[in-house]
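One structure is given here, and the rest of the page talks about it.
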Amino acid sequence: MSFNIQAGTSTERYHQYVTHSWRQILPHSKRTINLDAIAAMVTPYDMVALQEADSGSLRSGFINQSRYLATQAGMPFWCHQSNRKVGSVAFAGNGFLSRFEPDEVEEFRLPGAIPGRGSLVVHFGKGDEALVVAVVHLALGKRARKQQLSFLCGLLEHSRNLIVMGDLNSPVSSREMQDFCARLELDAPTRNLATYPSWQPQRAIDHILHSRSISVNKAQVLDVSYSDHCPVELELSLPASMHLRPAIRPIVSIEARTLDRTLDSHD
């Protein structure tokens, strides 16, 4: 599953971006209710990508929302990348929850005139049979998205079994997305699944893309109102030669918290 959770804040109409804007900087009781509902929803899944998850600021009650959701959903593995900090008020970023233990987690800042976008790259296994999962949240502007997708192509082009998921802020029919999928040989089963806005989905901008070595059994959007986006899900069949290692104890990736040198080298 991939889900832009808007820091646990629901939005039901466009005008609420203004009238409920205080919820983006202050804690409120409905946020916890929403997070608990999201945790119950993601419990059946094996892997969950989160965007706009708060890593522990004033608005979240200083709670890392990726960790909270992993704990409540019984997910043994979680990691978080904090990309945009507004003082101590809001820390927005990407999160990843999994029932399988990865071998390595990397995090990267994505290029763009306005900082604050990033990607988590999670490796399960090594070599040609490794599964690589990239969690991304792309920019709103077309020019920045094009730069970011080009960066991701260079980063991921040698991955044979690849899943890219997140809020891409673009339909698959756009030129930059078509070029990205063609270069990495990715299929887009979510291309026609509208996810935004959650109260009346009209735009297909949240996606799960996959290599052709991976087959898809089902793709759908879940009709829920926990955010301003709806979550998108895929049911996948991995190659028979690929073996993922179940995570049998609560763990958080050390690598994802100690890659400042890697971040700097990819600015």
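The values are calculated or read from the model by the stated rules, or taken from the named source; none is laboratory data. What you see is a predicted model; the values in this text were computed from it and never measured. When we count neighbours, we look across all protein chains shown, and the Cβ atoms used for this are built from the backbone with ideal geometry, even at glycine.
General observations
- Filter result for Arg59 (farther than 20 Å from Val133 by Cα, in contact with a Leu (Cβ under 7 Å, 6 or more places away or on another chain) and charged (D, E, K, R)): yes
- Top-ranked residue in segment 171-197 [being among the charged types (D, E, K, R) and at negative phi; ranked as surrounded by the most Cβ atoms within 10 Å (Cβ to Cβ)]: Glu176
- Boolean, Leu97 is of a type in the set (A, V, I, L, M), in contact with a strand residue (DSSP E or B) (Cβ under 9 Å, 6 or more places away or on another chain) and closer than 27 Å to Asn34 by Cβ: yes
- From Glu129, Glu101, residue being out of contact with any Leu (no Cβ under 9 Å at 6 or more places or on another chain), surrounded by fewer than 19 Cβ atoms within 10 Å (Cβ to Cβ) and in contact (Cβ under 8 Å) with a residue 60 or more places away in the chain: Glu129
- Among the strands (runs of 3 or more DSSP E) confined to segment 1-112, the ones with at least 1 residues that are at pLDDT below 90 and within 19 Å of the chain's Cα centre (by Cα) are located at 77-86, 90-98.
- Residue satisfying condition, being hydrophobic (A, V, I, L, M, F, W, C) and touching a Ser or Thr at 6+ places or on another chain (Cβ under 6 Å), within set Phe96, Phe91: Phe91
- Leu168 vs. criteria within 22 Å of Pro102 (Cα to Cα), modelled with pLDDT of 95 or more, crowded, with 19+ Cβ neighbours inside 10 Å and of a type in the set (A, V, I, L, M): no
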